[in-house]
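This report concerns only the one structure given below.
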Amino acid sequence: MSTAQLSPHYIRAIAPYQPGKPIAELAREMGLNEADIVKLASNENPLGLSPMAKAAMETALGDLALYPDGNGYVLKSALAAKLGVDLEQLVLGNGSNDVLDLVARAFLAPGTSAVYSRHAFAVYPLATQAAGAIGIEAPARDFGHDLEAMLARVQPHTRVVWIANPNNPTGTLLDNAELERALEALAVRSLVVVLDEAYVEYMDPRQRAPALDWLKRFPNLILTRTFSKAYGLAGLRVGYGVCRTEVADLLNRVRQPFNVNSLALAAAAAALDDGDFLARSKALNDAGMAQYEAGFRRLGLDWIPSAGNFVAVRVAPGGDATPVFQALLRQGVIVRPVGNYGMAEYLRVSIGLPEQNERCLAALAAILGKA
Ligand SMILES: *Cc1c(COP(=O)(O)O)cnc(C)c1O
């Protein structure tokens, strides 16, 4: 027997997560200059990071020989004040993916199940499977979550329902009233609901779900957010969950004691105060989304209206987008194929700087013979 076979079958069956192609890797493969490559593949912030976050990290460099504050007191205090919640309701993660994993570890095990939507964020099936639980996929509606279909698939052994709002890679947004009704129905079931709001900062305040108010009404709700997207700190890995104290207490017990490093803690606390950077990130994203929509319209391409910092565009109606993805790579433009999300006709493009978006659109036009 091979050593790998000692691992539980559900671990061996995990399909690896497919990250965006790194710039250095494409440069090596294609013999291109790194400076000539545009990466629009991982929903990263094209503005980089907040200058305040950078300054805070420089100050924190002096203490790197010491372990970080395992309770993340400074960041949690800043978050608690900003969100109007108690410190004890917060769980910090090495990226919000870490928080998703903590939820899976705390609530899932062999013999239980979790429900998620078709085309939903890939980490939900991964975290579910790694915990040995059964993943139940509900069909989508117009690429978005069909909450009624999700509710209908909840089983007595279901312990987690994963909801992304907006969802990645589709960018689809749920109707707040529909979402509220679903949370009401799920509040009386023996499970927790994860509402993943990784892109909430890109939404207009009027569009946003009153998720923090919902926490007061729904004891089984876990809200997750991240510093990776609008805050521009993807490389540092820091995100958080907000929930009832008793749930946060459980999640904190399965958490590694020093899961968030000192630089990330310092940067995130500083970034929270930088409203100017957030506003610039959102304005750039709004303009870039309009740029893509106009470009796609010119090229006669369909796209899925997106509330995130990315957009899924149908470059191969009735076919497979892989050749277009590869042709874009040859032109030094990295986007994300989403065939593994059941969306073979589409590519997901992250919103970049205006000139990066222009390069992507021009390359698409040339490849599709519409230049
Ligand atoms: C990017 C993303 C996250 C956040 O990932 P981090 O681990 O915080 O970098 C979470 N959920 C969704 C749906 C995402 O797209």
Of Arg206, Arg105, Arg244, which is the most mobile in a GNM of the chain whose springs link Cα atoms less than 10 angstrom apart?
Arg206
From phi via Karplus (6.51, -1.76, 1.60), per-residue ³J(HN,Hα) for region 221-233 in Hz, x at Gly/Pro
8, 10, 9, 10, 9, 9, 9, 6, 9, 5, 7, x, 10
Describe numerically, in nm with one decimal, the distance between label points set 7 Å from Cα along Cα→Cβ at Ala15 and at Ala187.
3.7 nm
Got a sec to turn the phi values of region 306-312 into Karplus ³J(HN,Hα) couplings, 6.51 cos²θ - 1.76 cosθ + 1.60 with θ = phi - 60°, whole Hz, x for Gly and Pro?
10, 9, x, 9, 7, 8, 8
In whole Å, how far is the Cα centre of region 274-343 from that of region 139-186?
24 Å
Go through region 162-174 residue by residue and turn each phi into a ³J(HN,Hα) via Karplus (6.51, -1.76, 1.60, θ = phi - 60°); whole Hz please, and just put x for glycine and proline.
9, 10, 9, 9, x, 8, 10, x, 8, x, 6, 10, 8
Can you compute the helix-only [θ] at 222 nm over the chain? Use -39500 (n - 2.57) per DSSP H run of at least 4 residues, normalise by all residues, nearest 500 deg cm²/dmol.
-12000 deg cm²/dmol
Treating cross-link reach as a plain straight distance, find the lysines whose alpha-carbon is under 27 Å from the alpha-carbon of Lys39, omitting any fewer than eight places away in the same chain.
Lys21, Lys54, Lys229, Lys282, Lys370
Per 10 angstrom bin, beginning at 0 and ending with the bin that holds the maximum distance, the Cα pairs of region 51-271 fall in percents of 8, 35, 36, 16, 4, 0
Find which of Pro156, Val192, Val254 sits farthest along the positive direction of the dipole of the chain, computed with +1 on the beta-carbon of Lys and Arg, -1 on that of Asp and Glu, about the Cα centre.
Pro156
Cβ-placed point charges (K, R +1; D, E -1), dipole of the chain about Cα centre in debye, nearest 20
540 debye
With +1 on the Cβ of every Lys and Arg and -1 on the Cβ of every Asp and Glu, the dipole magnitude of region 51-271 about its Cα centre, in debye rounded to the nearest 20, is 180 debye
Can you tell which of Leu183, Leu329, Leu66 shows the greatest fluctuation in a Gaussian network model of the chain with Cα springs below 10 Å?
Leu66
Under a Gaussian network model of the chain whose springs join Cα atoms within less than 10 Å, the largest fluctuation of Arg28, Arg141, Arg189 belongs to Arg28
Under 5 Å, built H, 5+ apart or other chain: amide partners of Thr158:
Ser113
Whole-angstrom Cα spans of the chain along principal axes, big to small:
58, 55, 51
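Just so you know, all these numbers are worked out from the coordinates, no wet-lab data involved. These numbers were taken from a predicted model, which means no experiment stands behind them. Because the Cβ atoms are built from the backbone with ideal geometry, glycine has one as well, and the counts that use them run over all protein chains shown.
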